[in-house]
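Shown next, in structure tokens, is the structure this report addresses.
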């Protein structure tokens, strides 16, 4: 998983906390344990972009309302901070974020053996 936080100093021999995951990494490691909505259309931005936005909030501990959201092709933001919060709340309640975290830790553990 990629780390792209400019202020994160990583001690030698340790692994930094990922603050962004690529689309390939998301599909391979994060998506399988997540529980996805069973009804309704998928959002315009899929699940990879909202998940990275969630990491942007959780890593530095910022307020949801302060989440920087880039405008889409139409000039409007494709996401809203409440949508990212709902993704977090649902994943936390259902345990899917915990399962995704556990799967990523197992992958990192296996990679270092």
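Tabulated data
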item: Projected label distance in nm at residue 62 and residue 98, using a 7 Å step from Cα toward the beta-carbon; result: 2.8
item: Full-stretch length increase - residue 108, residue 80 - with 0.36 nm per residue and alpha-carbon distance subtracted; result: 6.9 nm
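Every read-out reported here was derived from the displayed coordinates using simple, explicitly stated rules and does not represent laboratory data. This one's a predicted model, so the numbers in the text were calculated from it and none came from an experiment. Here Cβ is always computed from backbone atoms with ideal geometry, including for glycine, and neighbour counts include all displayed protein chains.
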